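Following: one structure in structure tokens, then a few remarks.
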Amino acid sequence: MADEIILLDFWPSMFGMRVRVALAEKGLKYEYRQEDLRNKSPLLLEMNPVHKKIPVLIHNGKPICESLIIVQYIDEVWKDKSPLLPSDPYQRAQARFWADYVDKKLYELGGKIWSTKGEEQETGKKEFIECLKLLEGELGEKPYFGGEKIGFVDVALVTFSCWFYAYETFGNFSIEAECPKLIAWTKRCMEKESVSSSLEDPHKVHGFIMGMRKRFGIE
Amino acid sequence: MADEIILLDFWPSMFGMKVRIALAEKGLKYEYRDEDLFNKGPLLLEMNPIHKKIPVLIHNGKPICESQIIVQYIDEVWKDKSPLLPSDPYHRAQARFWADYIDKKLHLLGKRLWRTKGEEQEANKKEYIECLKLLEGELGDKPYFGGENFGFVDVNLMPYFSWLYVFEIAANFSIEAECPKLITWAKRCMEKESVSTSLPDRQKLYDFFLQLKKWHGIE
């Protein structure tokens with residue numbers, strides 16, 4: 001029996017994009033359903049009653065929630081193709097650590113860049129760059145965080161890259177000037193179809209955030 | 001060559017307790033080192049330069065950080081004894097989801113419980129109980145969250161119960177009245193030596209809490 005896979009998502013979400021990349025890496029066919037976050041569907045509320053958030057993967061009728069948990073699930077079920085997590089437990093722990101670091105830091109700091117002004121924004125920018133530099137250090141000379149191939153940390157982080165243009169514009173700074181190796185890494189990832197077909201156009205994301213700023217009265 | 005395991009911890013930490021329980025479940029011998037969080041040791045700063053936090057597990061000289069990541073690492077390396085995560089990927093995803101829910105919600109709400117007063121505290125109490133009820137629903141009629149055997153979610157939740165005694169006094173409420181099944185579950189877990197030897201004495205924890213309140217300038 002063929003697998004039935006549905007992804008409940010919201011197009012600008014870097015968390016949803018992670019799942020798209022993972023599904024593409026595994027060559028999986030699935031039904032993509034866009035949610036209106038101001039008018040959440042009964043299916044979303046039924047499948048994620050606890051957090052009521054996207055992304056939600058529905059595999060043969062059963063929901064899996066939280067993007068990094070979904071990516072690990074996909075990696076474990078479809079384990080024979082393009083493994084994302086390393087096989088060694090220590091390397092696996094390190095991959096989970098860095099993906100967790102991305103989760104703990106980047107979204108919130110990025111949020112400060114586009115939604116605040118003055119000193120708060122400057123602090124957000126500074127800390128955001130510090131985090132990217134730390135990640136750049138972790139990448140080192142490797143082509144990908146996963147080594148020779150893209151892995152869990154690459155999937156966790158690369159989806160933020162289509163938000164970089166928006167951060168740079170609203171924060172008035174250049175990420176490439178600060179973290180050239182990281183930008184080179186994003187370009188390398190974008191050469192892979194699984195990534196380029198999953199990430200959104202940075203200008204479209206910028207437009208979306210402009211809309212959000214208007215709604216929240218941020219000038 | 002025998003494994004060398006060191007745990008950098010701080011005795012009242014719920015996060016440290018999770019690791020202690022996991023190590024005990026696997027019957028592992030290790031060296032416990034209590035950190036002075038106001039005067040962090042050079043080993044902690046070297047082993048966890050990013051977050052500078054406990055717990056840190058040092059296995060044959062290599063550090064693993066973040067309590068959930070450490071517990072999964074322990075479960076994967078010593079996989080032949082007392083498995084904590086289920087073998088089925090879907091159940092594994094569910095276990096990770098609930099452990100993540102516990103970390104995201106209970107920890108924050110617990111803090112809010114004792115740092116607020118009056119109407120705000122009442123609202124926090126209500127929310128805290130709702131979270132526990134949700135977890136009670138997830139437990140259902142199973143002896144443990146892991147089913148017949150003590151598992152990953154049980155490891156993650158028990159440490160909060162050692163602090164529950166403190167919260168009940170601080171915020172003047174009783175969980176037993178609201179969530180009797182969870183209290184039965186907690187008592188069942190405490191019958192396990194791996195749990196009872198890993199959690200601190202209630203009175204000692206309460207005395208620490210009084211000190212913590214003083215440091216935060218709370219009456």
Q. Can you find a residue in segment A:97-104 that is on the phi > 0 side of the Ramachandran plot, acidic (Asp, Glu) and within 14 Å of chain B (Cβ to nearest Cβ)?
A. no
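Which residue, of A:Leu84, A:Leu28, is touching an Asp or Glu at 6+ places or on another chain (Cβ under 7 Å) and aliphatic (A, V, I, L, M)?
A:Leu84
Can we say A:Ile58 is at pLDDT 95 or above and closer than 28 Å to A:Arg188 by Cβ? Walk me through how you get there before you give the answer.
Working: at pLDDT 95 or above: yes; closer than 28 Å to A:Arg188 by Cβ: no.
Judged against the criteria, A:Ile58 is not a match.
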(Q) So, restricting to helices (runs of 4 or more DSSP H) that lie completely within segment A:1-107, which ones have at least 1 residues that are within 21 Å of A:Phe208 (Cβ to Cβ) and among the aliphatic types (A, V, I, L, M)? (A) A:14-25, A:42-47
Q: Name every residue in segment B:44-60 that is aliphatic (A, V, I, L, M), surrounded by 13 or more Cβ atoms within 10 Å (Cβ to Cβ) and more than 18 Å from A:Lys133 (Cα to Cα), in order of residue number.
A: B:Leu44, B:Met47, B:Ile54, B:Val56, B:Leu57, B:Ile58
**Q.** Those residues of segment A:14-29 which are of a type outside the set (A, V, I, L, M, F, W, C) and in contact with a Lys or Arg (Cβ under 9 Å, 6 or more places away or on another chain), in sequence order
**A.** A:Glu25, A:Lys26, A:Gly27
Q. Of the residues that sit in segment A:172-203 and are in contact (Cβ under 8 Å) with a residue 60 or more places away in the chain and in a helix (DSSP H, G or I), which one is nearest to the chain's Cα centre (by Cα)?
A. A:Val195
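If you check A:Leu85, A:Leu37, A:Leu23, which single one turns out to be out of contact with any strand residue (DSSP E or B) (no Cβ under 8 Å at 6 or more places or on another chain) and under 30 Å from B:Ile64 (Cβ atoms)?
On the way: A:Leu37 fails: under 30 Å from B:Ile64 (Cβ atoms); A:Leu23 fails: out of contact with any strand residue (DSSP E or B) (no Cβ under 8 Å at 6 or more places or on another chain).
The unique qualifying residue is A:Leu85.
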Q: Would you please list the contacts, defined by Cβ atoms under 6 Å and residues six or more apart or on different chains, that run from a residue in segment A:84-112 that is over 9 Å from A:Ala156 (Cβ atoms) and open to solvent by 20 Å² or more (accessible area, probe 1.4 Å) to a residue that is modelled with pLDDT of 95 or more and in a loop (DSSP other than H, G, I, E, B)?
A: A:Arg92/A:Leu85; A:Arg92/A:Pro86
Q: Could you list, in sequence order, all residues of segment B:96-141 that are assigned to a loop (DSSP other than H, G, I, E, B) and open to solvent by less than 70 Å² (accessible area, probe 1.4 Å)?
A: B:Thr116, B:Gly140
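The values are calculated or read from the model by the stated rules, or taken from the named source; none is laboratory data. Predicted model only: the values in this text are computed from it and were never measured. So basically every Cβ, Gly included, is an ideal-geometry build from the backbone, and we count neighbours across all protein chains shown. The accessibility values were calculated without ligands, DNA or RNA, using every heavy atom of the protein model including side chains. Shrake-Rupley method; radii C 1.70, N 1.55, O 1.52, S 1.80 Å.
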